[in-house]
Each structure stands twice: as C-alpha cells, then as structure tokens.
1. Among the numbered criteria (1) part of a helix (DSSP H, G or I); (2) of a type outside the set (S, T, N, Q); (3) more than 12 Å from the chain's Cα centre (by Cα), which one does TYR91 miss?
2. Do we have any residue at all in segment 57-80 that's in contact (Cβ under 8 Å) with a residue 40 or more places away in the chain, among the small types (Gly, Ala, Ser), surrounded by 18 or more Cβ atoms within 10 Å (Cβ to Cβ) and part of a helix (DSSP H, G or I)?
3. Name the residue that is surrounded by the fewest Cβ atoms within 10 Å (Cβ to Cβ), counting only residues in segment 81-101 that are under 13 Å from ILE121 (Cβ atoms) and in contact (Cβ under 8 Å) with a residue 40 or more places away in the chain.
4. Out of (1) over 12 Å from the mean Cα position of the chain (by Cα); (2) surrounded by 12 or more Cβ atoms within 10 Å (Cβ to Cβ); (3) of a type outside the set (Lys, Arg), the odd one out for VAL27 is which?
5. When the residues of segment 31-49 are filtered to those that are over 16 Å from THR59 (Cβ atoms) and of a type in the set (Lys, Arg), which remaining residue is surrounded by the fewest Cβ atoms within 10 Å (Cβ to Cβ)?
6. Exactly one of these conditions fails for VAL122: (1) modelled with pLDDT of 85 or more; (2) part of a helix (DSSP H, G or I). Give me its number.
7. What about GLY113, is it part of a helix (DSSP H, G or I), touching a residue at least 24 places away in the same chain (Cβ under 8 Å), out of contact with any Lys or Arg (no Cβ under 8 Å at 6 or more places or on another chain) and more than 16 Å from LEU28 (Cβ to Cβ)?
8. Within segment 6-14, identify whether any single residue is in contact with a helix residue (DSSP H, G or I) (Cβ under 6 Å, 6 or more places away or on another chain), modelled with pLDDT under 85 and buried (at least 16 other Cβ atoms within 10 Å of the Cβ), and answer yes or no.
Amino acid sequence: MRAALLSGAGSMFQGLEKYIIVWIISVLISSVAQVMLKAEADKKHESRLKEYLNPMVITAYGIFFLSTFLTMYALKYVPLIYSPIIEPLSYIFVPVIGVLVLKEKISGRRLLGIAVMLVGIVIFSM
C-alpha cells in the first residue's frame, strides 16, 4: 500500500517520500508512547508522585518529544494539506499496538471505524 501511495509518475507525493516516511514514523512512535502511557495508567502505584514520575511515563513523554521534532522536520518539506492523510494513522496504530502489546480486544465497531478511516485516507490521497 505504501508503494501505491508514495510512488508513480505524477504522484502527489513525488519528491516528498522521505519526509512523509519520517512523518509516518513520528506518528507510529507517538502511538507507541500512547500505549506505554495506557499500560502504566492501568497499574497501581504507591503514590501520585510514582504514578507520574516513573521510567515508563518519563520514557513515553520523551518519545512524544522526539515525535514532535520529527513531525516538525517533516512539515518543513511536506505541505500541511497531507495532514489528513498521515495524522489519522495514529487511530489505526494505537489499537493495533494495543492488541499486540496489551493483548486488548478490538470490537467490531472499532474495526469498522478503522476500515472507514483507511477508506477515507485512500480516497483523500487520490
């Protein structure tokens, strides 16, 4: 799918592939950080301080920070008009990572929502 979206003569992404991939990686690692925070939020902590100042939470916020810089770097080259294609990928990445890492179940309703988003991304990118 990536090849179909990013390649081809006359593609709206022509010349931007490298920066779009950086942006997608940014969205992916941001999604990983969201799952890390969710995993930590489900745990019991000895105190409020340890709930917010522990290695998992600090690492997750560090990843968010890195993600912000990667997005800013990509946006120096990729027009903001592509945001509706790239940013919603987090709504797909988070549930998938949640299933893989946290062993969550994806409901039919959520699956339908993911499918609708994918269709929207494909239609918008045409």
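1. (3)
2. The answer is yes; a qualifying residue exists.
3. PRO84
4. Looking at each condition in turn, VAL27 falls short on (1).
5. That would be LYS44.
6. Just one mismatch for VAL122, condition (1).
7. no
8. Within segment 6-14, one or more residues are in contact with a helix residue (DSSP H, G or I) (Cβ under 6 Å, 6 or more places away or on another chain), modelled with pLDDT under 85 and buried (at least 16 other Cβ atoms within 10 Å of the Cβ).
The values are calculated or read from the model by the stated rules, or taken from the named source; none is laboratory data. Only a predicted model underlies this, so the values are computations on that prediction, with no experimental measurement involved. We place every Cβ from the backbone using ideal geometry, glycine too, and count neighbours over all the protein chains shown.
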